[in-house]
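The values are calculated or read from the model by the stated rules, or taken from the named source; none is laboratory data. The structure presented is a predicted model; accordingly, all values stated were derived computationally and were not measured. Here the Cβ positions follow ideal geometry from the backbone for every residue, glycine too, while neighbour counts run over all protein chains shown. To get the accessible areas, we keep the full protein, side chains included, count just its heavy atoms, and leave off ligands, DNA and RNA. Shrake-Rupley method; radii C 1.70, N 1.55, O 1.52, S 1.80 Å.
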Amino acid sequence: MTWLDLAEDTHFGLDNLPYGVFSRPGDTRRRVGAAVGDQVLDLSAAMADTVFAPLFGAGVLNPFLAAGPATWRDVRALVREWLTEPRHAERTAPHLVARDEVTTHLPIEVADYVDFYSSEQHALNAGRILLGADGELAPNWKRLPVGYHGRAGTVVVSGTPVVRPSGQRKPRSAAEPSVGPSRLLDIEAEVGFVVGTPSTLGTPVPVDDFAAHVFGVCLVNDWSARDIQGWESQPLGPFLGKSFATSMSAWIVPLDALGHARVAPPVQDPEPFEYLRGREAWGIDLALEIRLNGHLVSSPPFATQYWTGAQQLAHLTVNGASLRTGDLYASGTVTGPEREQRGSLLELSWGGREPFELAGGETRKFLLDGDEVVISGTAPGPGGTRIGFGEVRGRVLPAV
């Protein structure tokens, strides 16, 4: 029930209410908002005469995220009340603005960025592409969530163009390396987790404390230059091949909106160490779609991820590393067991050996200049509804 005129099939209903940062037409000031239907509720203005006002005046979500789960729930309940009870309509309506008229901005000040590698099918595919039929999982893969520490300063909001990166690359057929623009530019369709409540340095975060620290979920495209990465990752992990850009969606869906999307994760064998075991199952039934120049090329299912966001958080901190408000960590490429569920072009083209088709007869192995990638996602909501995550969009620009 709501006094708003919401479409029945909206993905941004009252059971969702994702948070983001935007500016109004003709006004460059950044404001915090909650998306509802095809509008945005300006919380920076609507909260001005409430006790929550200090949390929404910075033009970024970090102060609100740092306030912790009790405040997250109280604010969500208040916003739902404003949008549900007709007695609040006169007060609330002036703070609504059409979503297609606003400019969205990076919703958080990113403190740290970590990227994981938690899809078993993606890891198997990558091994077989690079090593042939004998490619298998590394011995540590089912013992711990493999990850690497990325570059927070190059996380950008959906819609930001991505310049083709340059660096060293050495194809197997070349005798010597060369320097130049990446020839194997790729995407990685991922799901991101945004940390709100920090933790103490030296104190691990238990797997069952996931919801006490993680505020919500977003979509991520962790762009990858496969040729640069392949040459530089000997023996260390990704560096220039990954650090040039990571795109995140403009809207962050709170964990409280995902109660109907929670599922049991895949069976883990061998049984994880105790610090990776918990009472709470945090598999999420999130359906992704990847479009290249408007053409649907893949539909990866997030429920197949071997390691959950809760386990990733526990592993990230088991050595005593502390969490900071605004930390972003991503799932790693989401890939399902079917060909049409692969979350990267590396897999869709099988390392470039099997070009895949787009509309109009075009084919691709990896990204060309001018290509635009859009990753979207939805999850089950109450009563057969869908919870929307919006999209993460990016167009490739030529190398400088």
*Starting from the Cα-Cα distance between Asp49 and Glu354, subtract it from 0.36 nm times their residue separation and give me the gain in nm to one decimal.*
103.9 nm
*Convert each backbone phi in region 251-265 into a coupling constant with the Karplus relation 6.51 cos²θ - 1.76 cosθ + 1.60 (shift: θ = phi - 60°), then list the ³J(HN,Hα) values in order as whole Hz, x for Gly and Pro.*
10, 10, 7, x, 4, 5, 8, 10, x, 7, 9, 6, 9, 6, x
*If R0 is 30 Å, what FRET efficiency do you get for Arg395 and Ala89 from their C-beta distance, rounded to 0.05?*
0.15
*Could you tell me how many degrees, from 0 to 90 and to the nearest 10, lie between the Cα long axis of helix 69-84 and the main elongation axis, the longest principal axis, of the Cα atoms of the chain?*
60
*asked:* Within 10 Å of each candidate Cβ there may be at most 11 other Cβ atoms; applying that plus a DSSP loop requirement, which trypsin sites (Lys or Arg not before Pro) in region 2-93 survive?
replied: Arg29
*Could you pull the accessible area for Glu372 with a 1.4 Å probe, rounded to 10 Å²?*
40
*Alpha-carbon spread of region 278-372, three principal axes, descending order, Å*: 51, 26, 23
*Quick one: P(r) of region 28-176 from all Cα-Cα pairs, 10 Å bins, percents rounded to integers, in order of increasing distance.*
9, 25, 24, 18, 15, 8, 2, 0
*Would you mind getting the accessible area per residue of region 204-273, heavy atoms of the protein chains only, 1.4 Å probe, in Å²?*
38
*Entry for Cα extents along the principal axes in Å (calculated from the structure that is shown) out of (i) 72, 50, 37; (ii) 58, 54, 40; (iii) 70, 46, 33*: (i)
*Could you look at region 120-212 and say what percent of its accessible area is carbon and sulfur, using a 1.4 Å probe and all protein chains?*
56
*asked:* Under the rule of at least 5 residues apart or a separate chain, name every residue whose amide H is placed under 5 Å from the amide H of Val263.
replied: Gly283, Ile284, Asp285
*asked:* Quick check on region 217-326: take the gyration tensor over C-alpha atoms, sort the square-rooted eigenvalues as a ≥ b ≥ c, and tell me if it's rounded (a/c under 1.5), prolate or oblate.
replied: oblate
*If R0 is 56 Å, what FRET efficiency do you get for Asp5 and Ser233 from their C-beta distance, rounded to 0.05?*
0.60
